[in-house]
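Quick notes on the structure that follows.
Just so it is clear, none of the values below were taken in a lab; they were calculated from the coordinates. A quick note: this is a predicted structure, and the numbers were derived from the prediction, not measured. Please note: Cβ atoms are built from the backbone with ideal geometry, for glycine as well, and neighbour counts cover all protein chains shown.
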Amino acid sequence: MQLSAFKQTLGQLDTLQFQLPNGQFVPAHFHLTEVGHVTRNYIDCGGTLRQENKLNLQLWVASDTDHRLKPDSVLEILQLAEKQLAYTDMEVEVEYQESTIGRYRLAFDGIAFQLLNTQTACLAPNQCGIPQEKPRVRVTASGVSCDPNSGCC
């Protein structure tokens, strides 16, 4: 989710919820402890220089169970951070501590912000000798693919 969409959504909400990929919610008394403009410069395994820019939000849970962060407070925090960090519209990434610190992409389902798992991947598979996966096709004698439940295979 881009920062502009995140801010627009925040402006329409009364309460703030973040749901983890396993369906559980981040406890409602979470804190937003950091807003960071993270620039990552790296070279992939094929030798291509790359750069990522993301806005990183760190959520943290303390023992103050009466704490509730409202959407308009998050907007104020983002406005302050924007002045100090001079960032523009970019992808939002969320950090949250479980058994280790997880990094999540962000989406919205109409009720809660969804924390989506991130994945690693080879960015230069043609340079690393990784074979491209070929789709598996079942073919009949006539050359038409066959439904495995039809009894023709």
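Here are the numbers:
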{"quantity": "Long-range amide H partners of Glu34 with built H, under 5 Å", "calculated": "Gln58"}
{"quantity": "Those residues of the stretch 7-46 whose amide nitrogen sits under 14 Å from the label point placed on Trp60, 7 Å along Cα→Cβ", "calculated": "30-36"}
{"quantity": "Ellipticity estimate at 222 nm from DSSP helix runs (n ≥ 4, -39,500 (n - 2.57)) divided over the chain, nearest 500", "calculated": "-5000 deg cm²/dmol"}
{"quantity": "Relative exposure of Lys54, Lys83, Lys70, judged by other C-beta atoms within 10 Å (fewest first)", "calculated": "Lys83, Lys70, Lys54"}
{"quantity": "HN-Hα J in Hz across the stretch 26-40 - Karplus 6.51, -1.76, 1.60, θ = phi - 60°, x for Gly and Pro", "calculated": "4, x, 4, 8, 5, 10, 9, 8, 8, 10, x, 9, 9, 10, 10"}
{"quantity": "Linear extension gain, Cys128 paired with Leu69, 0.36 nm per residue minus alpha-carbon span", "calculated": "16.6 nm"}
{"quantity": "Counted charge near Ser4, where neighbours are those whose Cβ lies closer than 13 Å (Asp, Glu -1; Lys, Arg +1)", "calculated": "-2"}
{"quantity": "Within the stretch 3-124: Cβ-based charge dipole about Cα centre, in debye rounded to nearest 20 (Lys, Arg +1; Asp, Glu -1)", "calculated": "240"}
{"quantity": "Amide H within-cut-off set for Leu106, under 5 Å, with H built and near neighbours excluded", "calculated": "Leu116"}
{"quantity": "Under 18 Å from the Thr39 label point (7 Å along Cα→beta-carbon), backbone N, the stretch 82-115", "calculated": "82-93"}
{"quantity": "Residue (of Gln84, Thr65, Ala124) at the positive-pole extreme of the stretch 3-124, dipole from beta-carbon charges", "calculated": "Ala124"}
{"quantity": "Of [x] 151; [y] 120; [z] 203, the label for volume of the Cα convex hull per residue in Å³ derived from the coordinates", "calculated": "[z]"}
{"quantity": "Full-extension gain in nm, Gln24 to Ile111, via 0.36 nm per residue minus C-alpha separation", "calculated": "29.9 nm"}
